[in-house]
Amino acid sequence: MNNFSIYVIPFCTGVLLLLGFSVLKYWRWIKRFDKLQQAIIRKNIWSWKFLPAIWEAFREGLLHWRIAKKNWLLGYMHRSLAFGWFLLIVVGFVQALLAFPDGHPFWMAIFYNYFVHEDNLLVFPDAPLFADIMDALLLYVLSGLALAVFKKLWSRPLGMKRTTRHTPLDRVTKFALWCIFPLRLLSETATSAIYHNGGFLIQWLGNGMAGIGIADPYFEYICWLLYSIALGTFFALMPFSRYMHIFTEIFLIYFRQLGVRDNADQKSGYTMFELNACSRCGICIDGCPINKELDITNIQGVYLLQSIRNHDWRKRQVSIAENCLMCDRCVADCPVNIDLNVMRRHVRIQNKRPIDTSGNYSYLDTVQPFNAIGRVAYFGGCMSHLTPGTTEAMERIFQAAGQKYWYMDRDRSICCGRPLLQQGFTTQANELRRKNTELIVNSGATMLITSCPICYRSFKEEYHLPIPVFHHTEYIDYLLTAGRIKLRKSDRRVAYHDPCELGRGCGIYDEPRRILDATSTLLKTKDEREHSRCCGFNLGNTTLDTEEQRKIRNAALENLRQPNPDVIATACPACKKAFTRAEEFPVEDVAEIVAENLIS
Amino acid sequence: MNKFGFSIAHTRSTDLDTANLGKAEELLQRVPSYKLCIGCGGCTAACTAGLFTDFNIRRIHTQFARGQYKGLDRRLQSCMLCGKCLLVCPRGVNTRALIVEMRRLLNNTDPA
Ligand code: SF4
Ligand code: SF4
Ligand code: SF4
Ligand code: SF4
């Protein structure tokens, strides 16, 4: 048996280029990990964490579970292309190994049919079975490809309204990829027309081809050459195109399992892995309220990453990063779990650096310390001062539960610092955080309860306080379970709005629902939990004008009013204020509903 | 420390022949909603930072609009970007964008 032909050269060149550039790129990124990230890797590298990483890489890189959960057809498309091709390669290698027990060049698995002309029955005992399996796998991949072509024409049935606008290089690479499998089919058919060495599908097609008189070694050779060129082109372009995500995602999953996280202050090696693990699938586009309600379609995660990756003109990068509500919807939707909003903050921090000077906060010293030993600390948050109903309700609940409390920002509030942080003013935010930390730690309070999800997330994620932090819905839920307060069940019908920072931000979905279930009839809405719509007034954005914010809010209101509730409940003062400003519908905080129904 | 919600402002006058309104005009370009401001002072009344001090956001943006830029940058650094002013403004002025853009203009840095 022959095992070399000139036409394998394009393929081999492509593979070598792919290997060379990938190793170079990954090496450069790994060297860029910052000190903390390096320390985490060094600490965990010999742990068992590679086991869950392997499982996750298999599940997400090949089976695409998260995508399938969004839309099974879309999942099938990605899975058949990824897993199907993977199996073609693996089974191809086994097949070549059995046919050439004494070793074979690495391209043998790819061009097997060309080189092994003998009747399958004569090669090795199970060869006919292998031929059939390979045909079935090729069919599997081709079905995914057909769906991909169909999606290009009409993406709705695959669960996507808008798809990504790709760069020219990505389009060329995709074209090369799309050519690979039909060319393989054609080449194998051409070979089987002459030598009758195909499986159930190829042989049937080959007989057809021979039937119309094409059984020509010259034609066969051209087909295999084109197939090799398509493969070579794809592999050579891969490190510079979106398809770099295929390998990068595996690394990202591994580093993430080791405990490495992105850091908004600088572009680290991990950032590079995240930037390149994005498959440009475009799943982050449809859910974004700025796309949905305002038809602005160039700021979503995929374009943010694109602009950072391509070192776009700074101004473009900044305007993309600034025009976002930080509602985290895209973060929840992204099947690769890329920390998109850390990336946005990264650009914002760069941009604000010249004006991120120290604050003019001399007034912080006028806030007096308080001895709160034996009490809980209650932090209403700036926004709660605009919704006094919420803070009054909380005070009534504390009293009903017999809980001593310290309302730390009753008359002089210091912002938690998250709004500044989200805009990229780190220095100023740190001054506020330092003061709040000092006040809380020195007070001796046993826990911190806050009514504002923005503050809640900040205290929880960004402060590292020595005492536990609760949102008031968690706290009320605890009081109810512990039997420290009792509630009447009213017959009011309530629709609950999940605030971005509380739901997607901190994963608090069940506590408010349990409370509302205990006091009223809780209704389901179409878009809830992870799919909840932003109220439009999220402080993450300074670019949208009020009219645009109102449109986003109205869409959220419409979703909430659809099941025809008597009242809309939420658990965030900013959402509440945003909704009440529409002056259309009664809106109450969960705390207010609880306070009204207390049985004393 | 400012105990009351109000204090008496110094008399001010703007000589429009000499005032340099360049930055003020640029501000209106960058934050068009500021054209809607009626100077009601709702922003100042709600302001978290203003509770402690004589930081007065309405006065700052009014002065800015009249070309009196001196000392404003330092004063703007008292703002915590908490967004209360935004939610109370009856005219829908994007006050937080206003604050960030004033700071950008006063420091001659690029717009977003
Ligand atoms: S950011 Fe995530 S959801 Fe968006 S295109 Fe990239 S991988 Fe897909
Ligand atoms: S955080 Fe929200 S507003 Fe920003 S891009 Fe993602 S979905 Fe859109
Ligand atoms: S609340 Fe709005 S309209 Fe009133 S002064 Fe402030 S910015 Fe102007
Ligand atoms: S954002 Fe600034 S000006 Fe507006 S209320 Fe908060 S501290 Fe005051």
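Each value in this text was obtained by applying a stated rule to the coordinates, not by laboratory testing. Nothing here was measured: the structure is a model prediction, and the numbers come from that model. Here the Cβ is made from the backbone with ideal geometry for all residues, glycine too, and neighbour counts use every protein chain on show.
Could you list, in their original order, any pairs among A:K489/A:K524; A:K161/A:K551; A:K267/A:K577; A:K49/A:K315; A:K292/A:K577 whose Cα atoms are separated by more than 29 Å? All intermediate terms of the calculation are to be shown ahead of the outcome.
Values: A:K489/A:K524 18 Å; A:K161/A:K551 20 Å; A:K267/A:K577 36 Å; A:K49/A:K315 40 Å; A:K292/A:K577 22 Å.
Listed pairs above 29 Å: A:K267/A:K577; A:K49/A:K315.
Can you tell me the FRET efficiency between A:R488 and A:T437 if r is taken as the Cβ-Cβ distance and R0 is 41 Å, rounded to the nearest 0.05? Intermediate values should be presented prior to the final figure.
Values: r = 39 Å, r/R0 = 0.96.
Computed FRET efficiency for A:R488 and A:T437: 0.55.
Based solely on its DSSP helices, what 222 nm [θ] is calculated for chain A when runs of n ≥ 4 H residues each add -39,500 (n - 2.57) and the sum is averaged over all residues, nearest 500 deg cm²/dmol?
Result for chain A: -17000 deg cm²/dmol, rounded to the nearest 500.
Give the distance, in whole Å, between the Cα centre of the stretch A:193-222 and the Cα centre of the stretch A:342-377.
Here the answer is 73 Å between Cα centres.
Give, in nm to one decimal, the length gained when the segment between A:E596 and A:L63 is fully stretched (0.36 nm per residue of separation minus the Cα-Cα distance). Working shown, then result.
On the way: separation 533, 0.36 × 533 = 191.88 nm, distance 4.99 nm.
The span from A:E596 to A:L63 would gain 186.9 nm if fully extended.
When each pair of different Cα atoms in the protein assembly as shown is counted once in the 1/r mean, what is the Kirkwood radius in angstroms, to one decimal?
That comes to 29.0 Å for the protein assembly as shown.
Can you give me the Cα centroid spacing of the stretch A:236-273 and the stretch A:494-552 in angstrom?
31
Residue by residue through the stretch A:67-75, which ³J(HN,Hα) values in whole Hz follow from phi under the Karplus form 6.51 cos²θ - 1.76 cosθ + 1.60 (θ = phi - 60°), with glycine and proline marked x?
5, 4, 5, 6, 7, 5, 5, 5, x
Mind giving me the nanometre distance, one decimal, between the label points for A:F240 and B:L28, set 7 Å out from Cα along Cα→Cβ?
4.9
I'd like the orientation of helix A:426-443 relative to chain A: the angle between its Cα long axis and the longest Cα principal axis, in ° from 0 to 90, rounded to 10.
50
D for the stretch A:533-600, whole µm²/s, Stokes-Einstein with Kirkwood Rh over alpha-carbon pairs at 20 °C and 1.002 mPa s: what number?
The diffusion coefficient I find is 168 µm²/s.
Can you give me the distance in nm between label points at A:T297 and A:V23, each placed 7 Å from the Cα along the Cα-to-Cβ direction?
Going from the A:T297 label point to the A:V23 one covers 4.3 nm.
Cysteines without a disulfide-compatible partner in chain A, using Cβ under 4.7 Å as the rule?
A:C12, A:C179, A:C223, A:C278, A:C281, A:C288, A:C324, A:C334, A:C506
For A:E584, A:E188, A:E530, which order do you get if you count the other beta carbons within 10 Å of each Cβ and list the fewest first?
Taking fewest neighbouring Cβ atoms as first place, the list is A:E584, A:E530, A:E188.
Work out from phi, with θ = phi - 60° and the Karplus expression 6.51 cos²θ - 1.76 cosθ + 1.60, the ³J(HN,Hα) of each residue of the stretch A:113-125, listed in order in whole Hz, and give x for Gly and Pro.
Coupling constants for the stretch A:113-125: 4, 5, 8, 9, 8, 4, 4, 3, 5, 8, 6, 8, x Hz.
Just the projected area, averaged over all directions, of the convex hull on the alpha carbon atoms of the stretch B:22-106: how many nm²?
One quarter of the hull surface, i.e. the mean projection, equals 4.6 nm².
Rounded to the nearest 5, what % of the DSSP beta bridges within the protein assembly as shown are antiparallel ones?
10
Quick check: convex hull of the Cα atoms in the stretch A:362-477, volume per residue, rounded to a whole Å³?
Given the Cα convex hull of the stretch A:362-477, per-residue volume reads 98 Å³.
Between A:E462 and A:R314, take the C-beta separation as r, use R0 = 25 Å, and let me know the FRET efficiency to the nearest 0.05.
According to the calculation, E is roughly 0.40.
Identify the residues of the stretch A:70-112 with backbone N under 18 Å of a label point that sits 7 angstrom from the Cα of A:R529 along the Cα-to-Cβ direction, or state none.
A:70-72
Quick one: the Cα spread of the stretch A:305-378 along its three principal axes, in angstroms, biggest first?
Taking max minus min along each principal axis of the Cα atoms, the stretch A:305-378 gives 53, 33, 15 Å.
Relative to the longest principal Cα axis of chain A, at what angle does helix A:245-258 sit, 0 to 90 degrees, rounded to 10?
Between the helix axis and the principal axis of chain A, the angle is about 50 degrees.
Just tell me how shielded A:346-359 is by partners: mean number of partner chain Cβ atoms within 10 Å of each residue's Cβ, no decimals. Walk me through the intermediate numbers first.
Numbers: counts 0, 0, 1, 0, 0, 5, 5, 1, 6, 12, 2, 5, 1, 7.
That works out to 3 on average.
Going by amide H atoms built from the backbone, whose H comes under 5 Å of the H on A:Y407, apart from near neighbours?
A:Y378
For the stretch A:254-358, what mean projected area does the convex hull of the alpha carbons give, in nm²?
7.2
Any idea what the relative contact order of the stretch A:6-246 is, in percent, if you count C-alpha pairs under 8 Å spaced at least 6 apart?
Reported relative contact order: 28 percent.
Can you tell me the alpha carbon radius of gyration of the stretch A:6-246 divided by the globular rule-of-thumb value 2.2 N^0.38 Å?
Here the Cα radius of gyration is 1.14 times the empirical estimate.
Pulled fully out, how much extra length does the chain show between A:I373 and A:D216, if you take 0.36 nm times their separation in residues and subtract their Cα-Cα distance?
47.4 nm
I want to check the label-to-label distance for A:N554 and A:R171. Put each point 7 Å from Cα in the C-beta direction and report it in nm to one decimal.
With each label point 7 Å from Cα toward Cβ, the separation is 3.6 nm.
Do you know the relative contact order of the stretch A:17-128, to the nearest whole percent, from alpha carbon pairs under 8 angstrom that are 6+ apart? Walk me through the numbers before you get to the answer.
Numbers: 47 pairs, mean separation 14.0, N = 112.
With pairs under 8 Å counted, the relative contact order is 12 percent.
Quick query: amide H of A:L487 versus all other amide H atoms, modeled in the peptide plane; which residues come in under 5 Å with a sequence gap of 5 or more or a different chain?
A:I599
What list do you get for A:D295, A:D566, A:D286 if you sort them by fewest beta carbons within 10 Å?
Fewest-to-most Cβ neighbours within 10 Å comes out as A:D295, A:D566, A:D286.
Helix A:472-481 versus the longest principal axis of chain A: what angle, 0 to 90°, nearest 10, using Cα atoms?
Roughly 80 degrees, rounded to the nearest 10.
With θ set to phi - 60°, apply the Karplus curve 6.51 cos²θ - 1.76 cosθ + 1.60 along the stretch A:191-207 and write out the HN-Hα couplings as whole Hz, x wherever there is a Gly or Pro.
Values per residue, Gly and Pro as x: 5, 5, 5, 8, 10, 6, 10, x, x, 4, 7, 4, 5, 4, 5, x, 4 Hz.
List A:Y456, A:Y509, A:Y270 from most exposed to least, where exposure is judged by having the fewest other Cβ atoms within 10 Å.
With the sparsest Cβ surroundings first, the list reads A:Y509, A:Y270, A:Y456.
Computed over the Cα atoms of the stretch A:405-461, what is the ratio Rg over Rh, Rh following Kirkwood?
Details: Rg = 11.3 Å, Rh = 11.9 Å.
Here the Rg-to-Rh quotient is 0.95.
Under 8 Å for C-alpha pairs, at least 6 residues apart: give me the relative contact order for chain A, rounded to a whole percent.
On the way: 945 pairs, mean separation 74.5, N = 600.
The value is 12 percent.
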